[in-house]
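Structure first, commentary second.
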């Protein structure tokens, strides 16, 4: 087995992951609709030999909060991910593209088709981040009064994935002859209608697009809830996750890898990539000054909007920012575990209101590491070598500036340590990630029957 | 008023419009999934100063026919249009992109979003060809046992378009301040939720994407049926249509332009672009030889598949190809008028079976002109100057070869005659087509109230 290497994704969200990034001079203020910005950022990530770029997504506006805070947030207007990645695919050669799309609100035939199209356009560099969508500003855009319950969303997600993968297999890999002399373009016996008729979906098929260079796009998952872990273990090839301590990350890593065997899968078939938001300075002081500069840019109304979900119904604008919260809430039943963790942390550390929102505003609760390239590489190496990560989803606080810092300062350090590639290994995202090309289900069936 | 110029679209379908094009050495045999082919074709069309490129589309496989003919057709596997155009947008500068998408089978929020995204990515060069979808291999992909009735499809299309246009207006044009000093990114008072609650759709909004460079993508329509004409008159800015004689085209032109006034629209706000499939030779003999060469490539089973819909239930494979059909069918009630026209023509001209399918196979019944650049320019000029066309949707029989011929031989002839541009007039598709940028509905309302 070749020496194990870090897998790195660049999570290139809008103006950057820090909530006030758009006010920072190192950001591109209109990045959400600036294609030239995204082209240069993708090319920068490719120069850094990143495996992939990634965007989160939701078919609705992001968090609103108070009207005062709403107008102060820089993520409201942005490209749709698949169209964006498609554009970037033809101005890059190696980097992969992970697009988020919802199994609750998209249609399986249309989704299968656009992702297969992206995989063809990129010559095998597409990935789909499967989400069930929990953002409250979405359901109304699809005629609903609330989201389906999480159990329904996850059950539907399993079926949706099965349908989409079936459509991707419509044509066997060798279905196309394209022989001008005989006049035979393809072999109709190697085209298969899915004829799926399930609990949530009824889809005839076949897809009107041949099998893509990767067999099918890489499947990514990003939830850490119990049903999210199970969906990932059953179907995902990479998982994005959020932990702020080595111990938590290790526990998650063990848990998820331990679920694979029951689906007949090997541990290396699911890559675990925690988020890391690196604030990089040539010295520790420089890094800390950068961080402080960013934190100062958070308008109090925007800070409060990040914590008001912990105190539903409360008007936080009356609170003293430099005192601890007047009381600690009991999280509602069913809230995810991060919710509890944050409240406990605030209580234990006696955070002021401002300190609490600054803690969360950095990268929405993801792991922030402030320091020199060596310190950041040390932390990454520790997680990588101690069963906490197969790589990372790098979340630059300010874009493009922090990604430039990472590419110019941290990547060379990781390469010097032999932890990261110096050249791309293959031409497809699967080849670079070391993931197998999935076999076509109909070809497998035919081989077994023979 | 500036001198009226021809508007030209390049309909760049797969290997070309001739049904046997993929067998011709001038075609790119795997064009449906070959992004480099599409890049060079779009750049070629841009070199020719075309207004736009266009693809037809249907979320399902195209015509099947007998198994024998099915495997001999080259259109089965192809990119999804919006992902394709998005990729081409960043490797071109001037040309517009017309993508076909269905109001019957797509979701209005997701459709509004992807087309707005394409308009931003292309910096104002997107258009949507609105179709209601009648291809029988589609409905099963969306859980249905048949298409909704045409009246329902068209009624739904009107509402769908209204929703999509409303979503595109979510942000007023001046909603974004993006002022780092004050920390105000946008003005929430200039963001409008649609809150549409209609017969077919319930959509809250707002869209998570600001107004695009053209206000919204250009709206195109491609049906010539009665409800199609009415939908075009109410909403479209360009219409693609199929006529083979000047008189028919003039009648259509008069009819559709005559419907605009009742919607408060001027005749120049809807461009009428018939299809033309030009087979170009430096001499008439060369052009005719090219055409004969193409016709010879039609396998009889593929030819018969183009006419079997006229004789439903009949096994045409037993017929003598070189004799007239054994009888002429009475078209079913409700069939479109082209159906009747073709049968009448076959009877009048005493076409053999082979001659009939060769007539239809050229460009699926569109206008085929075989001749020198001068002859083709003469025909186009005649239609353009005699109330039959504002321009044309050029349908190259073989791609890329026939488009190269058109760009190198016919375009210069049109330019010499002063009928076509020598440089692009603007930076957006609307500017090049001479179409107004639509006003935002909320801004208009505010202006009226003031």
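List of remarks:
- Cα shape, the range A:172-238, gyration tensor, a/c 1.5 rule: oblate
- Under the Debye formula (equal points on every Cα, no solvent term), log10 I(q)/I(0) of the protein assembly as shown at q = 0.05, 0.06, 0.10 Å⁻¹: -0.30, -0.43, -1.15
- For the range A:59-185, the relative contact order works out to 26 percent when only alpha carbon pairs closer than 8 Å and six or more residues apart are counted.
- Distance from the C-alpha centroid of the range B:276-347 to that of the range B:84-125: 35 Å, rounded to the whole angstrom.
- Counting neighbouring beta carbons within 10 Å and listing from fewest to most, the residues B:360, A:177 come out as A:177, B:360.
- Summarising the label geometry, the points placed 7 Å from Cα in the beta-carbon direction at residue B:179 and residue A:283 lie 3.8 nm from one another.
- With neighbours defined as other Cβ atoms within 10 Å of a residue's Cβ, the residues A:404, B:268 order from fewest to most as B:268, A:404.
- At q = 0.23 Å⁻¹, base-10 log of I(q)/I(0) for the range A:5-59 (Debye sum, equal scatterers on each alpha carbon): -0.97
- C-alpha long axis of helix B:337-349 to longest principal axis of chain B, angle in °: 20
- Residue A:427 versus residue B:436: modelled label distance in nm, points set 7 Å from Cα along the beta carbon direction: 5.1
- Spatial separation of Cα centroids for the range A:250-272 and the range A:21-53, in angstrom: 32
- Tensor-based shape of the range A:241-379 (alpha-carbon gyration tensor, a/c under 1.5 rounded, otherwise prolate or oblate): oblate
- Cβ-vector label at 7 Å, residue A:327, separations to other copies in nm: 8.8
- Between the range B:356-404 and the range A:151-199, the alpha-carbon center distance in angstrom: 37
- Normalising the average separation of contacting C-alpha pairs (under 8 angstrom, six or more residues apart) by the number of residues puts the relative contact order of the range A:12-118 at 32 percent.
- Looking at the protein assembly as shown, the DSSP beta bridges with both ends there are about 15 percent antiparallel.
- Value of [θ]222 nm, deg cm²/dmol, for chain A, DSSP H segments ≥ 4, -39500 (n - 2.57) each, nearest 500: -10500 deg cm²/dmol
- FRET efficiency for residue A:250 and residue A:159, using Cβ-Cβ distance with R0 set to 22 Å, rounded to 0.05: 0.10
- With contacts taken as Cα pairs under 8 Å and at least 6 residues apart, chain A reaches a relative contact order of 24 percent.
- Helix B:35-47 and the long axis of chain B differ in direction by around 80°, with both axes built from C-alpha atoms.
- Sorted from closest to farthest, the other copies place their residue B:181 label points 7.5 nm away, with each point set 7 Å from Cα along Cα→Cβ.
- Packing order of peptides A:106-112, B:397-403, B:81-87, highest average first: B:81-87, B:397-403, A:106-112 (average count of other Cβ atoms within 10 Å over each peptide's residues).
- Label-to-label distances for residue A:296 across copies, nearest first, come out at 8.1 nm, using points 7 Å from Cα in the beta-carbon direction.
- Estimated FRET transfer efficiency when R0 is 45 angstrom, pair residue B:446-residue A:144 (beta carbons, to 0.05): 0.90
- Between 0 and 90°, nearest 10: helix A:108-121 axis offset from chain A longest Cα axis: 90
- Closest approach to the axis - chain A beta-carbon, rotation onto B, Å: A:86, 2
- Virtual spin-label span in nm between residue A:43 and residue A:338, 7 Å along Cα→Cβ: 3.3
- Prolate/oblate/rounded label for the range A:1-118 (Cα gyration tensor, a/c 1.5): oblate
- Rg and Dmax, both from the Cα atoms of the range B:177-320 and both in Å, are 24.7, 81.
- For the range A:353-377, the residues whose amide N sits under 14 Å from a probe point set 7 Å from the Cα of residue A:328 along the beta carbon direction are A:353, A:356.
- Efficiency of FRET from Cβ geometry, residue A:309 and residue A:348, R₀ 22 Å, rounded to 0.05: 0.65
- Each listed q (0.05, 0.06, 0.10, 0.11 Å⁻¹) maps to a log10 I(q)/I(0) for chain A from the Debye sum over equal C-alpha point scatterers, namely -0.18, -0.26, -0.74, -0.89.
All of the numbers you see were taken from the coordinates with simple rules; none came from a lab. The structure displayed is predicted, hence computed values, not measured ones. Glycine gets a Cβ as well: all are built from the backbone with ideal geometry, and neighbour counts include every protein chain shown.
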